[in-house]
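Colleague: I have a structure I would like to understand better, so I am pasting it below and will then ask my questions one at a time.
The values are calculated or read from the model by the stated rules, or taken from the named source; none is laboratory data. Quantities reported herein were computed from a predicted structural model and do not represent experimental measurements. Using ideal geometry, Cβ is built from the backbone for each residue, glycine included, and neighbour counts are taken over all protein chains shown. Ligands, DNA and RNA are stripped out before the accessible areas are found, and what is left, the full protein with its side chains, is counted by its heavy atoms. Shrake-Rupley method; radii C 1.70, N 1.55, O 1.52, S 1.80 Å.
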Amino acid sequence: MTDAATLLVETTPEQTDAWWKSAVVYQVYPRSFADSNGDGIGDLPGILHHVDYLDELGIDVVWLSPIYASPHADNGYDISDYQAIDPSYGTLDDFDRLVAELHRRGMKIVMDLVVNHTSDEHPWFIESASGPSSPKRDWYWWRAPRPGQLGGDRGAEPTNWESFFSGPTWEFDKSSREYYLHLFDRKQPDLNWENPEVRTAIYSMMRWWLDRGVDGFRMDVINLISKDPALPDGEVQSPSGLGNGFPHFSYGPRIHEFLHEMHVEVFGSRGGDFVTVGEMPGATVEQARLYTDPVRQELDMVFQFEHVGIDQGATKWQHVPFDLLTLKRSFMRWQDGLAESGWNSLYWNNHDQPRIVSRFGNDGRYWSESARLLAAVLHLQRGTPFVYQGEELGMTNVPFASHDDLRDIESLNYVSEALRDPDVTADSTLANIRRVGRDNARTPMQWSAADNAGFSTGTPWIDTNANYITINAASQRGIAGSVFEFYRSLIQLRHDEPAVAHGDFRMLAPDNPSVFAFTRTAGTTQLLVIANFADAPTDLENVEEMDLESWSGSELLLANYAPTAADMLLRPWEVRILRRYCL
Ligand code: NOJ
């Protein structure tokens, strides 16, 4: 057993104390989780119905993607009222019931906080758009057309920035003849955080949710809230011909100030067991260390994007083949970089990412083995793991048959923008979307082999993945060797074995192209994870720097194959987790 005293000597109090360091978070995408009333859209009573499922899995925290009032241009990431539940999801009473039921079972709840932008249907924006003399004009980024231009034509925008959702980041308003900024869709205008009234309004809304019982926030693209007020043009990039504004809004001059102010204003005098995680595209290790250094009082952890960018080129639609060495180097950099201060979040999936078993695993012959291997190498790292709904069942990407099957605004905007180029074919855009489109993650949760995967008795807002007949919760719960039971064991292990949450991380055989191996050490306890990222067996005798002999006789904690006498041969996509005690 780990000696608790040793652990305390080796780690600082902040590191051992924070409850979320040994917690596992589960992300619910409410629209696709469970529909209680047959309208084809998931809802809060649907989630309530499955609270025992979450409890059985063993998770500690539920993160809800946005459930606020919204026109749903971006499935709720476009909020028109921060203090109301969208009627398609239910009522505030339903929400209070959900909080109570989660809390009753010892689980916490984290809300999605989308405050880089609102919906263009939010009263703040409607007021702001009413004219240049509106008291809320400065709550958003309004600018005149480029000097010498009247506005409205391509090229007249105040900056050349390209939107995350394709096309320019500026929308022209004919009545005032000014543009407003939207880093995402034109229906998602960016708030101007330079204005203190904006910040005050947001902090007060956050406190309102805390008063309602929520335990923290996942903060949407929170590293984009501080922009360089000079709004300089970006370097022109192909194929769009638009500019890359990212350097001017992704780590703006006041970002640390805003996050610290938010921390003080919202959580400052409360004490309590809150958790915050900031979604931060483009964040570097050095930045993340600052954001998550407890002494600075900004955030508890960040979602970085490096490891989910390794198979992408300049844009997400450009494909780079998966390379295990690149993945290992990335993880190693983050594990080492946040070892002394700060904290990692660990994730493969969310509502924006394709399904991991289709992406870095083998969703055909080795579907179950690779789903479990991927889970193990993530959950055994140092950091807080996030499970996205259906990941615990090994849900896969979707073979969308046509553009009509798509719902995601990012994909739809991409298709219409890409097809402006006569050399791009509709088929090639569909192939890209099958590989990385966000709808892969958004098809209904696969509860059972019943109609619509048991998600809804009506017509789902997006079609189910046809493989729900075989991949579903009912066929995995309680079944030894299933992906679900493997996740359950990993979560249990994190709760039971302090080395999983707190141990030091050391990568082994970093240059081996198919084996991912590392140790975790806390006091006298040492864990070893060895994983074979390949369709073929790997003989560990040939892997240098592993010193496997010294592990003979150690305890096999978890594996995705039954043990054999051939200890040194890893079968396709085999993973083993071992434990030993060093005196
Ligand atoms: C990141 C969210 O995860 C994504 O779903 C959304 O489209 C953008 N931010 C804009 O809110």
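Colleague: Is it true that residue 373 is more than 21 Å from residue 430 (Cα to Cα), buried (at least 21 other Cβ atoms within 10 Å of the Cβ) and more than 16 Å from the ligand (Cβ to nearest atom)?
Modeller: yes
Colleague: For the condition in a loop (DSSP other than H, G, I, E, B) and under 29 Å from residue 64 (Cβ atoms), what is the one hit in 121, 127?
Modeller: Of the residues listed, the single one that is in a loop (DSSP other than H, G, I, E, B) and under 29 Å from residue 64 (Cβ atoms) is 121.
Colleague: Just checking: which of the helices (runs of 4 or more DSSP H) contained wholly in the range 348-437 hold 2 or more residues that are within 30 Å of residue 334 (Cα to Cα) and charged (D, E, K, R)?
Modeller: 367-379, 426-436
Colleague: Those residues that are under 17 Å from residue 516 (Cβ atoms) and of a type in the set (D, E, K, R), I need them from the range 552-583; list them, please.
Modeller: Answer for the range 552-583, where residues must be under 17 Å from residue 516 (Cβ atoms) and of a type in the set (D, E, K, R): 571, 574, 576.
Colleague: Do any residues in the range 34-57 that are hydroxyl-bearing (Ser, Thr, Tyr) have Cβ atoms under 8 Å from those of residues that are open to solvent by less than 10 Å² (accessible area, probe 1.4 Å), where the two are at least six apart or on different chains, and which pairs are they?
Modeller: These pairs meet every condition: 36/43; 36/46; 53/473.
Colleague: Can you name every residue in the range 291-325 that is touching a Ser or Thr at 6+ places or on another chain (Cβ under 9 Å), part of a helix (DSSP H, G or I) and either farther than 25 Å from residue 357 by Cβ or open to solvent by less than 10 Å² (accessible area, probe 1.4 Å) (or both)?
Modeller: 292, 294, 295, 307, 324
Colleague: Find all pairs meeting these conditions: Cβ atoms under 6 angstrom apart; at least six residues apart or on different chains; first residue within the range 260-281 and among the hydrophobic types (A, V, I, L, M, F, W, C); second residue modelled with pLDDT of 95 or more and within 16 Å of the ligand (Cβ to nearest atom).
Modeller: Sorted first by the residue in the range 260-281, then by its partner, the pairs are 277/218; 277/301; 277/345; 280/223; 280/302.
Colleague: Taking only pairs six or more apart or across chains, which ones have beta-carbon atoms under 9 Å, a first residue in the range 403-421 that is within 18 Å of residue 238 (Cβ to Cβ) and within 16 Å of the ligand (Cβ to nearest atom), and a second residue that is outside any helix (DSSP H, G or I) and β-branched (Val, Ile, Thr)?
Modeller: 414/315
Colleague: Might you let me know whether the range 59-68 holds any residue that is of a type outside the set (Val, Ile, Thr) and more than 16 Å from the ligand (Cβ to nearest atom)?
Modeller: yes
Colleague: Could you list all residues from the range 467-479 that are open to solvent by 80 Å² or more (accessible area, probe 1.4 Å) and either outside any loop (DSSP other than H, G, I, E, B) or over 18 Å from residue 364 (Cβ atoms) (or both)?
Modeller: Once the filter is applied, which keeps residues that are open to solvent by 80 Å² or more (accessible area, probe 1.4 Å) and either outside any loop (DSSP other than H, G, I, E, B) or over 18 Å from residue 364 (Cβ atoms) (or both), the range 467-479 yields 469, 477, 479.
Colleague: Name the residue that is farthest from residue 124 (Cα to Cα), counting only residues in the range 154-204 that are within 14 Å of the ligand (Cβ to nearest atom) and open to solvent by 20 Å² or more (accessible area, probe 1.4 Å).
Modeller: Filtering first and then ranking leaves 166.
Colleague: Yes or no: residue 459 of a type in the set (Ser, Thr, Tyr), open to solvent by less than 60 Å² (accessible area, probe 1.4 Å) and not in a strand (DSSP E or B)?
Modeller: It is false that residue 459 is of a type in the set (Ser, Thr, Tyr), open to solvent by less than 60 Å² (accessible area, probe 1.4 Å) and not in a strand (DSSP E or B).
Colleague: Let me ask another. Can we say residue 565 is under 26 Å from residue 488 (Cα atoms), open to solvent by 10 Å² or more (accessible area, probe 1.4 Å), of a type in the set (A, V, I, L, M) and not in a strand (DSSP E or B)?
Modeller: No; evaluated as a whole, the condition is false for this residue.
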